[in-house]
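The values are calculated or read from the model by the stated rules, or taken from the named source; none is laboratory data. This structure is a prediction, so every number in the text was calculated from the model and none was measured. Glycine gets a Cβ as well: all are built from the backbone with ideal geometry, and neighbour counts include every protein chain shown. Please note that ligands, DNA and RNA were not included when accessible areas were found on the heavy atoms of the full protein model with its side chains. Shrake-Rupley method; radii C 1.70, N 1.55, O 1.52, S 1.80 Å.
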Amino acid sequence: MGVSINPSILSADLANLATECNEIRDYCDYFHVDVMDYHFVPNLTFGLPVVEHLLSKVDKPLDCHLMIENPERWAGAYAEVGAQSVTFHYEAAKSPRNAISAIKQHGSRVGLAIKPATDLQDVIEYFDDIDMLLVMTVEPGFSGQSFMANMMPKVRRAREIVLERNLPMTIQVDGGVSATTISQCSENGADVFVCGHAVFRAEDPRVACANLRSLAIDAQNGAWWT
Ligand code: DX5
Ligand code: ZN
């Protein structure tokens, strides 16, 4: 079993984005890019131009988390410019299957995200067609919020289904994941960890990445699902 540490650039110094990313490039697996449209969530961040520039300046795959309306219309473009993983929200899609095909058409990995209030049951039918499930552990929109430990049963249930069906799907958690919360995420079955403040606001982001990774691996070793 592997562990993926995906720092969220939303917590970085956005005026020095490429420099900040390159400093920790060797300590993480993907950079997590939070795309927000001020409609699906009450915040506005960045879109395709930033993704394209980042891809040209930082030699690391990007994990784009689209918090936007109408992902069927836009998700394919993120895959087309080269984002290796593109995640959209179930709640925003009229046809999740169309968004999935739009991403797959360009060869990127497909992620499906659910907000805290969304039942896991609603998305189980897509598990065979996606590469990653994102269980939000905060209300999407802002970095630096408190971790919702009450999302852990959802992570656990998703992991049970992955085991039962022997699926290759990974399980990502995003929101308030830090040195104090990452172990419980890993114990419950998550294997992809988005960390914003816990990495970019740390005194030494490299040490923070390494520490988060070792905490996740320690919790995974001997966990019920490994
Ligand atoms: C929230 C975003 C997160 C956020 C994580 O809507 O999806 O990726 O940037 O930041 P932290 O880890 O600080 O909660
Ligand atoms: Zn995110």
Out of (1) outside any loop (DSSP other than H, G, I, E, B); (2) more than 28 Å from residue 104 (Cα to Cα), what's the single condition that is false for residue 144? (1)
Taking the criterion of being small (Gly, Ala, Ser) and either farther than 22 Å from residue 118 by Cα or at pLDDT below 95 (or both), would at least one residue in region 146-153 satisfy it? no
Could you say which residue among 155, 173, 135 is within 16 Å of ligand 2 (Cβ to nearest atom), open to solvent by less than 30 Å² (accessible area, probe 1.4 Å) and not in a strand (DSSP E or B)? 155
Evaluate the following for residue 43: is it more than 16 Å from the chain's Cα centre (by Cα), of a type outside the set (A, V, I, L, M) and within 14 Å of ligand 2 (Cβ to nearest atom)? yes
Scanning region 176-218 for residues that are part of a helix (DSSP H, G or I), touching a Cys at 6+ places or on another chain (Cβ under 8 Å) and under 27 Å from residue 123 (Cα atoms) gives 182, 216
Qualifying positions in region 76-96 - more than 16 Å from ligand 1 (Cβ to nearest atom) and either in contact with a strand residue (DSSP E or B) (Cβ under 6 Å, 6 or more places away or on another chain) or not basic (Lys, Arg) (or both): 76, 77, 79, 80, 81, 82, 84, 93, 95, 96
Within region 138-152, track down each residue that is within 14 Å of ligand 2 (Cβ to nearest atom) and either hydroxyl-bearing (Ser, Thr, Tyr) or touching a helix residue (DSSP H, G or I) at 6+ places or on another chain (Cβ under 7 Å) (or both). 143, 144
Being buried (at least 24 other Cβ atoms within 10 Å of the Cβ), within 13 Å of ligand 2 (Cβ to nearest atom) and in contact (Cβ under 8 Å) with a residue 60 or more places away in the chain is the filter here, so list the residues in region 176-198 that pass it. 192, 193, 194, 195, 196
